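Down below is the structure, laid out as structure tokens.
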Amino acid sequence: MTKKRIQAIRDFIDTAEKSLKNAKKLLKDVLEEENINLESDLALDTKWLSSYQSGESKIIEGVFTGDDMLGVDGNRYPIPVNYSSKSKLVQGDKMKLTIEASGKMLYKQIMQIAREIKTGLLSQEKGKYQVMSEGAAYDVLTAAVTHHKAQIWDTVSVLVPAGKEATFWAIEAVIPKE
């Protein structure tokens, strides 16, 4: 009787492992079909955020992705690049979007993610600005480059999410050449 029970347990485990494998493949296929990159959204947790009405305005909370805001409703909202660069938004910062009845969109940073400062060299690849540091290249906003009057191969200090992987960094300052 014990051998039959052990075999039944093994069969359940095999079935569960096959189900997990199939679920992972299905998720991968859906992500590819919908062009969703979870790797860049790993630090973009929208838990504890909300969406609500305030008078005639709609309020949507979300997380800064580096390019836009991922709303709690799953939609992406464009953030003006001058606001992103001057506010030194870091991937993972919590945001609030107010959409007024007229359609005007107002953004406000409501919580900063923990940050750390790093340095790297500013480069440009296929028209995109990047900071090279720690053996990798990380995207930065063109508006931040122009705001800080940075030049290719300048050493820059950047703000990054502390202890988290990110694909996007925010320029803090250009480090003067000696």
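The values are calculated or read from the model by the stated rules, or taken from the named source; none is laboratory data. Please read these numbers as outputs of a predicted model, since none were measured by experiment. With ideal geometry, Cβ positions are generated from the backbone for all residues, glycine too; neighbour counts draw on all protein chains shown.
Screening I171 with (1) surrounded by 13 or more Cβ atoms within 10 Å (Cβ to Cβ); (2) out of contact with any His (no Cβ under 6 Å at 6 or more places or on another chain); (3) not polar (S, T, N, Q) gives one miss only, at (2).
Restricting attention to region 50-78, and to residues there that are over 16 Å from the mean Cα position of the chain (by Cα) and hydrophobic (A, V, I, L, M, F, W, C), which single residue is surrounded by the fewest Cβ atoms within 10 Å (Cβ to Cβ)? So, considering only residues that are over 16 Å from the mean Cα position of the chain (by Cα) and hydrophobic (A, V, I, L, M, F, W, C), the one surrounded by the fewest Cβ atoms within 10 Å (Cβ to Cβ) is I59.
Every test in (1) among the β-branched types (V, I, T); (2) surrounded by 12 or more Cβ atoms within 10 Å (Cβ to Cβ); (3) over 30 Å from G55 (Cα atoms) is passed by V81 save one, and that test is (3). Annotation: I99 fulfils all but one of (1) among the hydrophobic types (A, V, I, L, M, F, W, C); (2) buried (at least 18 other Cβ atoms within 10 Å of the Cβ); (3) in the same structural domain as K58 (by TED's automatic domain parsing); the unmet one is (2). Among the residues examined, K47 does not qualify as under 26 Å from V158 (Cβ atoms), under 15 Å from the mean Cα position of the chain (by Cα) and of a type in the set (K, R).
The single condition among (1) at pLDDT 85 or above; (2) of a type in the set (D, E, K, R); (3) surrounded by 13 or more Cβ atoms within 10 Å (Cβ to Cβ) that D45 does not meet is (1). Does region 128-135 contain any residue that is β-branched (V, I, T), surrounded by 12 or more Cβ atoms within 10 Å (Cβ to Cβ) and within 23 Å of F64 (Cα to Cα)? For region 128-135, residues β-branched (V, I, T), surrounded by 12 or more Cβ atoms within 10 Å (Cβ to Cβ) and within 23 Å of F64 (Cα to Cα): present. Sub-7 Å Cβ pairs linking a first residue in region 122-133 that is in the same structural domain as V160 (by TED's automatic domain parsing) to a second residue that is loosely packed, with under 12 Cβ neighbours inside 10 Å, at least 6 apart or interchain, are L122/I152; L122/W153; S123/I152; Q124/I152, ordered by first then second residue. Pairs meeting the criteria (first residue in region 98-121 and in contact (Cβ under 8 Å) with a residue 60 or more places away in the chain, second residue in a strand (DSSP E or B) and surrounded by 12 or more Cβ atoms within 10 Å (Cβ to Cβ), beta carbons under 8 Å, at least 6 apart or on different chains) are I113/K94; I113/P161. Of all residues in region 155-168, those satisfying the criterion of being under 19 Å from the mean Cα position of the chain (by Cα) and either in contact (Cβ under 8 Å) with a residue 60 or more places away in the chain or surrounded by fewer than 20 Cβ atoms within 10 Å (Cβ to Cβ) (or both) are L159, V160, P161, A162, G163, K164, E165, A166, T167, F168. Within region 145-154, can one find any residue that is under 18 Å from the mean Cα position of the chain (by Cα) and either more than 26 Å from G62 (Cα to Cα) or not acidic (D, E) (or both)? So far as region 145-154 goes, no, none of its residues is under 18 Å from the mean Cα position of the chain (by Cα) and either more than 26 Å from G62 (Cα to Cα) or not acidic (D, E) (or both).
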